[in-house]
Amino acid sequence: MADDKVRGAVIGCGFFAQNHLHAWNDIADVRLVAVCDKDAAKAKAAAETFRVPAWYDNAEEMFASQKLDFVDIATTMPTHRALVELAARHRVPTIVQKPFAPTWDDCVAMVGACNAAGVPLMVHENFRFQAPLMAVRRVLEAGEIGTPYFGRVSFRTGYDIIAGQPYLAREEKFIILDLGIHVLDMARVYFGEAETVYAQTQQIRPNIVAEDMATMMLRHRSGATSIVDCSYSSQISPEPFPQTLVHIEGTRGSVQLHLGYRMSVLSDGVTREEMVDSPLLSWTSQPWHTAQESVLNTQRHWIECLRTGRAPQTSGADNLRTYALVDAAYRSAAERRAVAPLA
Ligand SMILES: NC(=O)c1ccc[n+]([C@@H]2O[C@H](COP(=O)([O-])OP(=O)(O)OC[C@H]3O[C@@H](n4cnc5c(N)ncnc54)[C@H](O)[C@@H]3O)[C@@H](O)[C@H]2O)c1
């Protein structure tokens, strides 16, 4: 029944939000009641394409006139704090895209505002919900390779990311904040919290402002060492975009996520292989499908948390720990030494 549905709205109907809109349509107990974009044409187009009954070009107006069970903020980072604080003033549970915000203080302020309003806040950290990366996590959690002591989580591509997201060329912090944030988050998932980060950055591509390659070495509290490396300027054949490759060694074996979504696990001397690709959905296509399906998984998790009152895996508070690694990586690269993440 329509009345049992969770009433949601999306703010920001740009490039990546198209995936959010498709995914909300795929979740049976969600009803999108409004969309908003400061560019009225984009809001109207999203309302028409996804059959949403109301559209706005002003978020304040939307909150004033709609009764919402949640809002999904899919705008770019500089607008997140004002929009999350607006949602908190209206006591509306909020899911917000990564990167959380331009500064650590903004991130802390958003977590504080939602805590004070008593509403949940989740960061749309969708790598956590990517089928291949979740398969590796299950191997670790099942204890198949024992205690991990070394790992590499790697995302390297030459895919022209700037064609779809032209604002990235002007960012003063580029790949660590845009992509490293996802990969560092997975390092936290696989190896636990880090006590130090050492990072080196490079700018390979011309006509951008900041780094498009980063190599980071983390020492985790568990004693494990991990290497997180990211590149938007690699010439590799076959082109791996948008695959994250993983290599983890533990006391009883190892797990590797290879190109083509093949996972191999060595456990107590016995090897097994598994294909861990995401299924294709009606609105997803190669090679984006793993990223697209993870949006659906992320949003399903958010709705399940809203329904049950559980804290989301990637709550605002959790994402502060990932953001602290990003911040530490930039400080490390600037100061040319290993640094501790902010507490
Ligand atoms: N998780 C992922 O895999 C992934 C992939 C791509 C992009 N992203 C993230 O998604 C976010 C959006 O990126 P994009 O490339 O879709 O950007 P975009 O510029 O295409 O879309 C953003 C939209 O927000 C609108 N907007 C901005 N301020 C607004 C406001 N105050 N009120 C209403 N609308 C407003 C803009 O008009 C624009 O249409 C970014 O934070 C980006 O990092 C995530």
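The values are calculated or read from the model by the stated rules, or taken from the named source; none is laboratory data. For clarity, every value in this text was computed on a predicted model and none was experimentally measured. Using ideal geometry, Cβ is built from the backbone for each residue, glycine included, and neighbour counts are taken over all protein chains shown. All accessible areas refer to the heavy atoms of the entire protein, side chains included, with ligands and DNA or RNA removed. Shrake-Rupley method; radii C 1.70, N 1.55, O 1.52, S 1.80 Å.
Taking Lys and Arg as +1 and Asp and Glu as -1, the other residues whose beta-carbon sits under 14 Å from that of Lys38 total -3.
Which of rounded, prolate, oblate describes the range 213-343, given a ≥ b ≥ c as roots of the alpha-carbon gyration tensor eigenvalues and a/c under 1.5 marking rounded, otherwise prolate only if a/b is larger than b/c? Before the final figure, lay out the partial values.
Values: a/c = 1.38, a/b = 1.11, b/c = 1.25.
Rounded, since a/c falls under 1.5.
Separation of the range 268-322 and the range 104-140, taken as the distance between their Cα centroids, equals 12 angstrom.
Surface calculation, 1.4 Å probe, protein heavy atoms: His90 sits at approximately 80 Å² accessible. Distance from the alpha carbon centroid of the range 204-249 to that of the range 151-180 works out to 10 angstrom.
When nucleic acids and ligands are ignored and a 1.4 Å probe is applied, Cys13 ends up with an accessible area of around 10 Å². The Cα atoms of the range 145-303 give a gyration tensor whose axes a ≥ b ≥ c have a/c of 1.5 or more with a/b no greater than b/c, which makes the shape oblate. Rounded to the nearest 10 degrees, the inclination of helix 104-117 to the longest alpha-carbon principal axis of the chain is 50 degrees. Comparing the range 61-124 with the 2.2 N^0.38 Å rule of thumb, its C-alpha radius of gyration ratio is 1.00 (two decimals). Each of Tyr330, Tyr198 has its accessible area taken with a 1.4 Å probe; listed largest first, they run Tyr198, Tyr330.
For the range 149-308, give the magnitude of the charge dipole about the Cα centre (Cβ charges: +1 Lys/Arg, -1 Asp/Glu; no others), in debye to the nearest 20.
Numbers: 13 positive and 18 negative charges, 42 e Å.
It works out to roughly 200 debye.
So what is the orientation-averaged projected area of the range 2-119, using the convex hull of its C-alpha atoms, in nm²? Mind dumping the intermediate values first?
Numbers: hull surface 27.0 nm².
Over all viewing directions, the range 2-119 projects a mean Cα-hull area of 6.8 nm².
Rounded to the nearest 5, what % of DSSP beta bridges with both residues in the chain are antiparallel?
On the way: 39 of 66 bridges.
Percentage antiparallel, nearest 5: 60.
Between 0 and 90 degrees, the angle of helix 80-89 with respect to the longest Cα principal axis of the chain falls at about 50 degrees.
Look at the dipole of the chain built from charges on Cβ: of Gln97, Ser154, Val197, the Cα furthest out on the positive end belongs to Val197.
Relative to the first principal axis of the alpha-carbon coordinates of the chain, what is the inclination of helix 131-141, with its axis defined by its Cα atoms, in degrees from 0 to 90 and to the nearest 10? Once rounded, one gets 60 degrees. The C-alpha atoms of the range 22-68 occupy a region whose extents along the principal axes are 27, 22, 14 Å, arranged from largest to smallest. Note on the chain: Cα convex hull, mean projected area over all directions, 17.3 nm². Around the Cα centre of the chain, unit charges on the Cβ atoms of Lys, Arg, Asp and Glu (plus for the first two, minus for the last two) sum to a dipole of about 340 debye.
The accessible area of His80, taken with all protein chains in place and a 1.4 Å probe, comes to roughly 0 Å².
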